[in-house]
Structure formats: structure tokens, C-alpha cells
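The values are calculated or read from the model by the stated rules, or taken from the named source; none is laboratory data. Values in this document were obtained by computation on a predicted structure and should not be read as measured data. Here the Cβ positions follow ideal geometry from the backbone for every residue, glycine too, while neighbour counts run over all protein chains shown. Surface accessibility is based on the protein's heavy atoms, side chains included, excluding ligands, DNA and RNA. Shrake-Rupley method; radii C 1.70, N 1.55, O 1.52, S 1.80 Å.
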Amino acid sequence: MKVLVFLILSLLFSFPFSFSLVAQAIRPPSEVLDFSRIQRLYEHWENQVFEPQEILQNLQKEIQTYYQQFQKERYLRESEISIPYDFYRFPLDKIHLLLFVRKLEELQKTKRLFSPYLYFAFEFQGKLYESLNRPTNAVSSYLQALQYAIPILDITKKKEALPDTIEIHNLELFIKNPKFLEEVSTFEYWKKTFGDDNYQKELSDQNLRDNINNFLVLYQNFQKNLQEIQEIKKLYYQAQIRRDRNLQNENLRQFQQKWQELKNQWDNLIAYQETFLEEQTKLRKEYANLVYRIATLTKRIEEAHKERERVLNQSSFYRGTGNVLGVNKTLYSQFIGYIHLLELANKLDPENIEYIHLLSQEYFREKDSLKGITIEKKWFQHAPKNDPRNLIHYQRLVSYYQAVQNISLAKSQLQEWKKHLEQFPDQRNLIFEENQDNSVLNAYQRFLLFYIKFFLDHYSAEELDREINAEQTLNEMKNSITQKQQEMTEEQKNQNFRNLVEIQILLARYYQAKKNPDKEKETLLNLKSLDETLEALEEEYLRQEKEKKMEALSLKNSLYFEEDLEKTKRYYEIQRIHLPNIQLRLQSIRTLRNEFPIGKILEKIAYLNYVNKQYEEAIEIYSEIMKHKYASDDTKKRAEVNKKLIMALLRTGFQKPLLTPLDIESD
């Protein structure tokens, strides 16, 4: 992946130095390719006149008309060591090749060919491969297209103007000025890219071609005048040595006249640059789209490889070893090269909000706050005000500011998020699957949860009450989820269980902030009940798994001694369908239980019992924590110490402070 990114960067941003046109053995694409036929093929594809496979075959034949020359050249180079003595008997074209092929061998290795024809042909070929679901071939074609692209140079629009007059003794100082040299290097860039002979021949825009030719003539005259004005300066100093005042004055007059010519030429060159910059902007957008396609295709290829690896590494049902599921969803998003390619696309076309949106997803997944803040600012700079994805980007930006402890800016963006929902109320009912997989909570409910959590994290309960009725809001959401539970798919149930836990925890935190321990305890007990439900489900799936394994073992043993089609079918049914389904559900329940902060919840319940002098209940909860397999080791250690302290209190009446539990607000 790193090699791929480096290759694309070198293709787009490298600056080739061997541009001089030498009579070559290989004819350029403009003389070989019938571009009108390639364009007709593209029209046939767009209008679905023929099948993509048929069009691809015809396109490849057209492309090969150019590359067949290389086969002939290579054959001659390999078969003919030297020009034969009877060269006059050879065909003229063969003699022509023999004369030039060795002289140009090194040049052809380093020379970069700029060809709009080949760029278009290979980009078209990539699109055809994409439509045929052949991503590897598509990436290869797009990379070949970039080989024939104009390299991109970052050029600022602010141009350095020449002064109206200049002192003759300051000339060398001025032309060695870094700003002047930078501008001249930009002129060289235009000369060696847009000014390339083959590129001009293949240009379809006649106005651009005329501008390029005028620029080249003007730049050549500018360079000539620059040399002449330096010669005038030399003559001036020679006359000064000879004390020839008349000649000095004449040289000064010529110098100022030549400087005015240079200034006018410079201004005209700058004017032509505006046209070139507009054309380069179009090219940047094209290249950005190509890099974006390569990024998405590469990600598809990597995902396919990871999926294949996952399937191959699953446990064999013959051996019954290993991890049957073998699923780690995080592996499907760990493509470093994908981020780099998106960054390159964004650099080429910084106003394209699709690239910004995808980069935002990657930075948020990576929890890269600094890059995340930068990309979110770009999003709000370029995205339309009514874009519904603004809701996601507000949430991310607030989260980033929280992560870097800039709470005032976080609150400011939170208020902007609120204003957006008020301005576009139709967006309140949106559900973003990329943000909350399989969630039944809409965008407005997600905002309210975030809003409440933000104020509980950073402000007082009284300030929260002034902003929103948190208790009513959370209870309404809790009831909404509970009522929809029966209609949900298995995946929705899992995600909304997380939502329910989040809501209950926020309720408990709210009651704690309001100094209402009874309501807080009631909410925590509801959370404990949710954990008990999960525990019952886990035990049920374990029972089903054991039952199916026993049945499969029995069938396997009986099949050693007899052939029975029905038993064989049943055996494979259990191994291939029933057991994987049960294990998938079991894994899902275990994931939920691992995420559920049950240890801290039980610890807080026990602490509240202790504060209310319900010592027996506190001991019971601490005992439960010590036995709970999903409670952390630290929580269990504190529970063991606290249980002993309470038992000692009951025996002796002497009270020692408990190890203070981690507050539920940290969840």
C-alpha cells in the first residue's frame, strides 16, 4: 500500500527533467492512435450500445496500435547487435530504428510522455474494468493513466510584479532574488508541461493551444532579452572603466528601454499564467477523482483479501479447532494507504466535500483530534448549509474539542449544532447508519443524548435544567426504545441495548448530580436487571451450543459405521448452519456484556446501600461483584476489601472509610 501511495505521489508531483524532444524511433501517440475511434467507443459505453467486455476488447486493440512499436523496437535491439554491412538492403524503417534505438535508449527510460490520448484511453479502460467488477485491473489502468498526466505543481496566484525602473547595479541582485527565481521556475514548468510538443498536438482546445504557443514565443523572447540586458550591464561597466561617459549614458538608456520590454513581457507572461492555472485546476479535479477511485478500489481489494483470510482461518468443522467466527470488524477499516490516498485527493481538490467527508470518517475512527479539527473546519467551510451530514460533523467537532480540553469551543459548536437542527427541522428524523449502526434513535435524539452528556461532564445539573428537561427527555427515549424492541432485528436489538444502557447511565448520573440517591439507585437497579437478562441469554445460548455439539458428535460417531444420507445431511446442517448461528449470537451477547460497565454499576449500588446503612445488602452486592466474570479485577479487589470492612463494622461497631468506588460518570 505504501508503495502504491508513493507511486501516485511521484506520478502527480514529480517534475521530470528530460523534456527535450529528440527525433525518436517511436512515433508519438498523436501520430499513431485514432482518437476519434476511442471517443466513439466511450460514447457506445455511455449509451450502453454494446456490452462492456466487447468495448474493452476493442479499446485494447486501439491502445495496442501504439505499444506494438515497442515490441518491434525491442526485437530489433535484441536481434541486431550492430548495423549490418549490407544495411542498404534493409527496409528504410528498420534502418531508421537501428540508427536511433541505441542513442535514445537511456533517454526513453527517463523521459516522461504527456499524452491526453493515452490518459483518456487508460482512464476509460479503468472504468470498464470497474463495471466488470475487476478492481485490480481497474487500479492498474488508472495508474497507467497517471503515467501520462501532467505533473502537478503547487502555484500561488499571487504574482511578483517587476518594478517600473531599476538601478543598473541592482540587476544581478534582483534576478537572483528567490521570488524572481521562483516565478521563472514556474514559467519553466509551463514550458516543459503544457509546452510539450506531444501534449500540444493532442489538445482539443484550440484556444488553449494558441495561448501555449504565444506563451512559448513570449518566454523565449523574455529569456533572450534577459541575456541582452545583462550584456548591456557588462558594456556599461566596461565603458565606466574607460571613463567613456557618452557610452555609459547610451548603455543606461538601452538598459532602461530593455527593462521596460522585460517588464511588459513579464506582465504578459503572468497574464498567460492565469489561463494555465484555470486549466490546471480542471486537471487537478480530474486527477483527484482518479486518485479517489484508486483509493476506494484499493480498499475493496484489501477488504476482499481480509475476508478471504478470515474465511481460510476459520476453524475446520472436521477438526473443530480455532475461532469459528474469526470476525474482527476493526480489521476491515485498517487501511493506512486508503487515508493517504484520500489526503492526496483532498490536496488536489480541496473543495470536494466527498473527499473531506471520507477523510473525516477516517480521522474520527483513528481518534486523531488535531487532523480531525482541521478537516471538520474544511467541511463547514465548503459544505452547503442544508447538507444533512452537517449533523455528523458537528458531533465530531464537539468531540474533538472535548478531547483537547477546549470546552468553551466545544460548547460553542454544540450551540451551532442546536441552531442547525432548529433551522432544518426536517433533518431531525434522519438516522445515520455510518454513525449509529442499526439504531432506531434519530438525529435529534442522538443530539439530545450528546447534549445531556456534555453538560453532565462539564457543567452543573442546574445549568443542564436551564437548557433542557433532561429527566423527561431520557425517560421518553427509554420508553420509545422499549416499545420498539419487538419489531427490531437481532442487530438492531444489540445496538439499541447499548442505547438503552447509555440512557440509563445518563439518568443515573443526572439523579446523582441532583442529589437524589433513591432515583439514582432505582436506575442502577434497572441496569443490573439488564445485565441479568443478558446473563440468562448467554446461558441459554451456551445450553443450545452444548446440545447441538452433542447431537453432532452422536451423528458423527454413527456415520463411522454406516452411510445414511439423512444423518449426513443433518450433521452438515448442524455444523454449517445451526452451530455458527448460535455461536454468532453467543459472541454478540458476550461483546455486549464486555462493553457493559456492570462492575462499576454494582459497586455504586453497594456504595449507596452502605451510605444508607443497608449493610447486609451492601455485602450481598460486593459478594456478587467478586463472583461476576465480567467485573474487572480492580473492581473485585475493592469489593473484597470493602466487604471485609463492612463485616468488621458489624462485629465491632468501628467504622473505617471504604475504598471509594470509581464514579459512574466515568462510563
Considering only region 162-171, I want to know if a residue exists there that is at pLDDT 90 or above, surrounded by 13 or more Cβ atoms within 10 Å (Cβ to Cβ) and of a type in the set (A, V, I, L, M). no
If we keep only residues of region 412-461 that are hydrophobic (A, V, I, L, M, F, W, C), assigned to a loop (DSSP other than H, G, I, E, B) and modelled with pLDDT under 90, then the residue nearest to the chain's Cα centre (by Cα) is 432
Among residues of region 623-661 being open to solvent by less than 30 Å² (accessible area, probe 1.4 Å) and under 20 Å from residue 526 (Cβ atoms), the residue farthest from the chain's Cα centre (by Cα) is 625
For region 197-214, pairs from a residue that is free of Cβ contacts under 8 Å to residues at least 24 places away in the same chain to a residue that is of a type in the set (Lys, Arg), with Cβ under 9 Å and 6 or more apart or across chains, are 200/209; 209/201
### Task
Might you let me know whether region 305-316 holds any residue that is at pLDDT below 80, of a type outside the set (Gly, Ala, Ser) and either under 18 Å from residue 348 (Cα atoms) or not in a helix (DSSP H, G or I) (or both)?
yes
Log entry, pairs with first residue in region 236-261 being within 19 Å of residue 162 (Cβ to Cβ) and in contact (Cβ under 8 Å) with a residue 12 or more places away in the chain, second being among the β-branched types (Val, Ile, Thr) and assigned to a helix (DSSP H, G or I), beta carbons closer than 6 Å, six or more apart or on different chains, reads 254/232; 255/168; 255/232; 258/229
Residue hits (region 578-599; among the β-branched types (Val, Ile, Thr) and either surrounded by 13 or more Cβ atoms within 10 Å (Cβ to Cβ) or at pLDDT 90 or above (or both)) are 582, 589, 598
Only unsatisfied item for residue 148, checking (1) closer than 30 Å to residue 295 by Cβ; (2) out of contact with any Ser or Thr (no Cβ under 8 Å at 6 or more places or on another chain), is (2)
Filtering region 507-516 down to residues that are open to solvent by 60 Å² or more (accessible area, probe 1.4 Å) and over 45 Å from the mean Cα position of the chain (by Cα) yields 515
Flagged in region 481-505 as more than 32 Å from the chain's Cα centre (by Cα), open to solvent by less than 70 Å² (accessible area, probe 1.4 Å), of a type in the set (S, T, N, Q) and farther than 21 Å from residue 581 by Cβ, in numbering order, are 504
Among residues of region 517-530 being open to solvent by 20 Å² or more (accessible area, probe 1.4 Å) and free of Cβ contacts under 8 Å to residues at least 24 places away in the same chain, the residue farthest from residue 585 (Cα to Cα) is 518
